[in-house]
Amino acid sequence: MATINPDFGAELKKYGAFDFNACYNCGNCTAICSLSTEEDSFPREMVRFSVLGSTSDIKSSLKPWLCYYCGECSTHCPQVANPAELIMSLRRWLTAEYDWTKLSGVLYRSFAFTIIAFIIAALGVIGFGFAENFNMETIMLFGHKFEMIAIIAVFGIILLPNVIRMWWFIILKPKIKVPFIKYLTGIWELIVHMFTQKRALGCDDNQFRWFEHFILVIGYLALLFTTVALDWFSTGNLFIIILGYVESIIIFIVTVDFVLSRIKKNREISKFSMPSDWMFVIWLFLMGLTAFIVRLFIDTGIIKNNIWMYMFHLIILVQWALIIVPFGKWTHFLYRSFAMYFAKLKAA
Amino acid sequence: MNKKLGVYICHCGGNISDYVDVEQVKKAIESEEGVFLAKTTMFACSDSSQKEMVEDIKKNELDGIVVASCSPKLHLLTFRAVAERANINKYNYVHANIREQSSWAHSDDKTGATEKAVFLVKAAISKARYAESLEPIKIKSKKAVAVIGGGVAGMRAAIELSDMGCPVTLIEREPFVGGRVSQFDILFTTYETGKDLVTRLYNNLLARNNISVYTGAEVIENSGSIGDFKLTIKITPRYIMDRCNEGRLQKAIDACPVEVPDPFNFNITNRKAIYHNFPSEYPHKPVIDIENCTRCGECEKICESVDFSQKEEIIDINVGSVLMATGFDPYTPKDGEFGFNQINNVVTLPQFKRILALSNEPLIYNTRAIKHIAYIYCVGSRQVEGENKYCSRYCCTSVIHASIMAKKKFGNIFNYHFNRGIRTYGKQEVLYNESLKSGDVYLQSYEDDPPVVTQQGNKIVVTVNDILTGKKQMAVEADLVVLVTGMVPRADNSVGSLFKLPKGRDNFFNEIHMKLRPVETVIDGITISGACQGPKNILESSNSALSAATKSFSYVSKGELELEPIVAEIDKNQCTWCGACAEACPFDAIKKIKDGDKEIAMVNNSVCKGCGMCLPVCPTDVINLIAYSNREIESMIDALAGS
Ligand SMILES: Cc1cc2nc3c(=O)[nH]c(=O)nc-3n(C[C@H](O)[C@H](O)[C@H](O)COP(=O)(O)OP(=O)(O)OC[C@H]3O[C@@H](n4cnc5c(N)ncnc54)[C@H](O)[C@@H]3O)c2cc1C
Ligand code: SF4
Ligand code: SF4
């Protein structure tokens, strides 16, 4: 027996959901959804759980991650209940639930807090530059080290425990028995989905967006690899230098298109944007752009007199790595892939 | 007399001729006695066929016609009109139904169907041979209508009749007019209060001098029939001459020691034996509930208008038509039905409406602060097992509206609707939408798995296996449970029996035909309107009141009525009054009368429907049914038997 929690609706609204209460359970959304199946039927069920405030049902469900937001359901909902946006906010809410630090939730719910966090990060970087007398060499060395440490720390302290929490909510708590061997055989699923997001291809009329997204993921991961492992900013290897340029241009182009579509609201997915959505694309865009310019300054030899450019890049990088990656929208990269992995485990 | 008859056999497109060989039927009957001409026709009802018939009759000086086609329910009047246009008496046209009774019934056996059609047409020809010319019965009709029941339906009808120039007597059983509507505060879809509506209607009544309003009045006897109803009305006095001086009345009420549950508030409060419903009830006079009054005289000491010497009055009125508008009762749940009368804070929707109207912030009932309200729908309606199979129509909308009102008036209220599918049809759907958007939770179940209300310590818990959540059991802790009760017929509907009004399977008064004759009853001259006919909201009640008013007016407007001459007639010389016929008559049309010093049976032509029930029970066989005489029927049987 579950007790109805009428306050949940108000809570969810802070994560961007609206009007989902208008749902009269016709099921059109589920019927139109090209990813919904008989075994994993959504989004109506999720709308229903949200209306009733059945948080335990939502927390133990993978369905919010199975949706790739083509928005067909919202287009066809006779009640304009915006099921797709509801599912989107459930993903935000789940992200906050998985996060043991609870900072995700605070950032999602409070824009003011987000701004403060960004300012603190920026001030930290500027303060560090000041302490180092804006010495280019030390600062760039630090920047490079920071990237490596941040990746390990964020993953080890925040993301890994959070994925374990997700596993607890989805597999352990509902007492689903999974043979150990499945954990191993399922890993391939995890990797494929992480790098391809191939499930999104199942969305009707979504092929181009999937392609853009795919290119962006690959471009982003490659740039990460190029800067961290291949040390793009310090290398003399022409191939690596050009590779870095190409990657940052790709990121730049795709994110510009994403930002434009959020402005034009010409796709179902870009109609409603929370601050977290804006931050995510804009910071990604700035990452590509500033990395590109920094390397350009290096190649043209003007970086020495324009250390501010690198400082700017570093601020963006720190904000990205310490706020957006561990607590923001970046995590969907992780949770989505793990959702597919857990789905495979559950099916076993 | 040897009649010249014309016979028309219809193809009905192919509806008949696909199975019945109409040409063969024509051949088979052509040489029957009296048949002057026989024709087949593609559509007998078409304009050109009708014209041809008229010409045939005139040219050949036919005495009668037989049309063999569809059911007479469809075209009886069409061909009667043909006869009249050709200047022959319309009762000289006889109908044979060879579609429903032959081609459609025997589509698997063409030969048999044709054979049967031949017999049916022959039988009709035989009847036509003996058919007599008849004239409609004309009776006087008193131009006045009695409206019984002074709710919205009754008042609306009375106003309409008055505007058409028809004197009206409005008879209301309660001491105040307005009916149920006066009990409800803010109404759905228009957001007026019941009081607003009643005030408007009542002022309209008063502004018309051809309406007499009687309150505390009941019809106790009826004799007569359409055009000439004689009603006896009993009027209970108010025991109050006029309004007491302002202020004194309240003192008199305060002084009254008697307290009884107040039916105006559906018994959630008490009232005194001297009372008024709300400060501006109509008529504008308080009343003493004499049944509960102990005659202690306390009020009399304070208010000079109290007058215990008033006597019950009996008056007789004569009207041409009666319009019924006696309304409904809300369903009363059985003890224990969803915890009713057993668990505190389980109330009905009408009670909830009163609680909302009477409460001020914050909402408290039975000392409990109300924040979470559970509504259980369809209580007493849509019963699969029980008697009330019907949907009460008003309740989904009413309860959703009331729940929205509760939120607006008291704030911080959470509503949970345990429904069986929402029926806020038509424009009322916007309320459902508004309610959904405001965050109300709707849970749904089927009749075989209803919600359960239990008391757990101090808590009231409602659980349901919600079909919208895969039958998952959901629970709500409620401060108040509202049973959304439907409409049932008035507990005291004896006035219906007085007029022998038939009731439907649902026990509401029944119309003749749900779609085509929705306000007429089989008792000529009596129309029904409003919720006495079945669940209706105010709009629907007004609609039916207006059509009933028009129909009732049509009975009396000319001062005279033409009735079908097809009635039973009793040979008064041979009748010896045994009473068997009077007992057999379902319409109460036969009365015993004195004829000289002999007692005989007499048929009231304006009540008799020509059903023929009395004929076979007469031991002396002296009853004749006009247009269905023994001679006619016997000749038909002979024809059908093929002799
Ligand atoms: C809780 C509730 C809320 C509602 N809210 C709304 C709303 O918001 N909007 C809406 O459109 N509808 C609403 N309705 C429906 C509305 O009440 C009915 O449509 C309306 O009352 C029907 O009017 P009526 O005149 O047919 O019957 P009634 O209102 O029942 O009036 C019948 C009258 O006849 C009198 N009477 C009965 N028997 C006799 C007799 N033998 N002799 C003389 N008089 C007699 C009665 O005393 C009464 O005055 C609601 C109903 C309920 C139960
Ligand atoms: S289409 Fe809209 S109204 Fe229908 S079930 Fe989905 S969300 Fe609800
Ligand atoms: S109107 Fe609604 S509550 Fe009333 S009987 Fe019909 S379905 Fe049930």
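Taking the listed residues B:370, B:364, B:413, the one that is over 27 Å from the mean Cα position of the chain (by Cα), more than 14 Å from every other protein chain (Cβ to nearest Cβ) and within 19 Å of residue A:4 (Cα to Cα) is B:370, with no other qualifying. Within region A:34-57, the set of residues being over 23 Å from residue B:477 (Cα atoms), small (Gly, Ala, Ser) and within 11 Å of another protein chain (Cβ to nearest Cβ) comprises A:41 only.
Taking region B:498-526 as the range and being of a type outside the set (A, V, I, L, M), under 16 Å from residue B:536 (Cβ atoms) and exposed (fewer than 13 other Cβ atoms within 10 Å of the Cβ) as the test, only B:515 passes.
Take region B:616-634 and flag every residue that is assigned to a helix (DSSP H, G or I) and either under 31 Å from the mean Cα position of the chain (by Cα) or surrounded by 17 or more Cβ atoms within 10 Å (Cβ to Cβ) (or both).
Passing the criteria: B:632, B:633.
So for region A:93-107 (the condition being more than 30 Å from residue A:33 (Cα to Cα) and in contact with a Lys or Arg (Cβ under 9 Å, 6 or more places away or on another chain)), does at least one residue qualify? Within region A:93-107, one or more residues are more than 30 Å from residue A:33 (Cα to Cα) and in contact with a Lys or Arg (Cβ under 9 Å, 6 or more places away or on another chain). In region B:372-401, of all residues being surrounded by 23 or more Cβ atoms within 10 Å (Cβ to Cβ) and at positive phi, the one that is farthest from ligand 3 (Cβ to nearest atom) corresponds to B:380.
Just to verify a result, which residue in region B:461-497, among those that are among the acidic types (Asp, Glu) and surrounded by fewer than 21 Cβ atoms within 10 Å (Cβ to Cβ), is nearest to the other protein chains (Cβ to nearest Cβ)? Ranking the qualifying residues of region B:461-497, first place goes to B:477.
For region B:563-591, a residue qualifies if it is more than 30 Å from the chain's Cα centre (by Cα) and under 26 Å from residue B:135 (Cα atoms), and the qualifying residues are B:569, B:570, B:571, B:572, B:573, B:574, B:575. Among helices (runs of 4 or more DSSP H) entirely within region B:151-259, having at least 2 residues that are away from ligand 2 (no atom under 16 Å from the Cβ) and more than 20 Å from residue B:287 (Cα to Cα) singles out B:152-163, B:194-206.
Restricting attention to region B:423-435, which residues are within 8 Å of chain A (Cβ to nearest Cβ) and either in contact (Cβ under 8 Å) with a residue 24 or more places away in the chain or assigned to a loop (DSSP other than H, G, I, E, B) (or both)?
If the condition is that a residue be within 8 Å of chain A (Cβ to nearest Cβ) and either in contact (Cβ under 8 Å) with a residue 24 or more places away in the chain or assigned to a loop (DSSP other than H, G, I, E, B) (or both), then B:432 is the only one that fits.
Contact annotation: residue pairs with Cβ atoms under 8 Å, 6 or more positions apart or on different chains, pairing a residue in region A:254-279 that is exposed (fewer than 14 other Cβ atoms within 10 Å of the Cβ) with a partner that is among the charged types (D, E, K, R) and assigned to a loop (DSSP other than H, G, I, E, B), are A:265/A:271.
Which condition number does residue A:72 fail, the rest of (1) of a type outside the set (A, V, I, L, M); (2) more than 11 Å from chain B (Cβ to nearest Cβ); (3) more than 16 Å from ligand 2 (Cβ to nearest atom) being met? (3) is the only condition that residue A:72 fails.
Selection of first residues in region A:4-33 that are within 9 Å of chain B (Cβ to nearest Cβ) and of second residues that are within 16 Å of ligand 3 (Cβ to nearest atom) and of a type outside the set (Lys, Arg), restricted to Cβ pairs under 6 Å at least 6 apart or on distinct chains, gives the following pairs, ordered by first then second residue: A:21/B:436; A:22/B:436; A:25/B:468.
Within region B:24-49, the set of residues being polar (S, T, N, Q) and under 15 Å from residue B:11 (Cα atoms) comprises B:24, B:40, B:41, B:46, B:48, B:49. Of all residues in region B:291-316, those satisfying the criterion of being surrounded by fewer than 16 Cβ atoms within 10 Å (Cβ to Cβ), assigned to a loop (DSSP other than H, G, I, E, B) and hydrophobic (A, V, I, L, M, F, W, C) are B:296, B:308. Evaluated against (1) within 22 Å of residue B:339 (Cβ to Cβ); (2) without any contact (Cβ under 8 Å) to a residue 60 or more places away in the chain; (3) facing chain A (nearest Cβ under 10 Å); (4) out of contact with any Leu (no Cβ under 7 Å at 6 or more places or on another chain), residue B:420 falls short on exactly one condition, (3). Those residues that are under 16 Å from residue A:335 (Cβ atoms) and more than 18 Å from the chain's Cα centre (by Cα), I need them from region A:165-195; list them, please. A:167, A:168, A:169, A:170, A:171, A:186, A:189, listed by residue number.
Candidates A:62, A:86: the one that is under 24 Å from the mean Cα position of the chain (by Cα) and within 14 Å of chain B (Cβ to nearest Cβ) is A:86. Selection of region B:262-283 for residues being in contact with a Cys (Cβ under 9 Å, 6 or more places away or on another chain) and of a type in the set (Phe, Trp, Tyr) yields only B:275. When the test is whether a residue is more than 16 Å from ligand 1 (Cβ to nearest atom), closer than 19 Å to residue B:467 by Cβ and assigned to a helix (DSSP H, G or I), residue A:92 does not pass it.
Filtering A:74, A:50, A:36 for residues that are among the polar types (S, T, N, Q), at negative phi, part of a loop (DSSP other than H, G, I, E, B) and surrounded by 19 or more Cβ atoms within 10 Å (Cβ to Cβ) leaves a single hit, A:36. Among the residues of region B:28-55, those identified as assigned to a helix (DSSP H, G or I) and polar (S, T, N, Q) are B:48, B:49, B:50. When region B:436-460 is filtered for residues that are more than 9 Å from every other protein chain (Cβ to nearest Cβ) and touching a Ser or Thr at 6+ places or on another chain (Cβ under 9 Å), the ones remaining, listed by number, are B:451, B:452, B:453, B:454, B:460. With respect to the conditions (1) outside any helix (DSSP H, G or I); (2) crowded, with 20+ Cβ neighbours inside 10 Å, residue A:125 falls short on a single one, namely (1). Counting the residues of region B:346-401 that are part of a loop (DSSP other than H, G, I, E, B), among the small types (Gly, Ala, Ser) and within 14 Å of ligand 1 (Cβ to nearest atom) gives 3. The set of residues from region A:134-143 being within 18 Å of residue A:121 (Cβ to Cβ) and in contact with an Asp or Glu (Cβ under 7 Å, 6 or more places away or on another chain) comprises just one member, A:139. Could you tell me whether region A:66-82 includes any residue that is free of Cβ contacts under 8 Å to residues at least 40 places away in the same chain and more than 16 Å from ligand 3 (Cβ to nearest atom)? Within region A:66-82 (the criterion being free of Cβ contacts under 8 Å to residues at least 40 places away in the same chain and more than 16 Å from ligand 3 (Cβ to nearest atom)), the answer is yes, since at least one residue qualifies.
No lab work stands behind these numbers, since they all come straight from the coordinates. It should be emphasised that the depicted structure is a prediction, and the values quoted were computed from it without experimental measurement. Please note: Cβ atoms are built from the backbone with ideal geometry, for glycine as well, and neighbour counts cover all protein chains shown.
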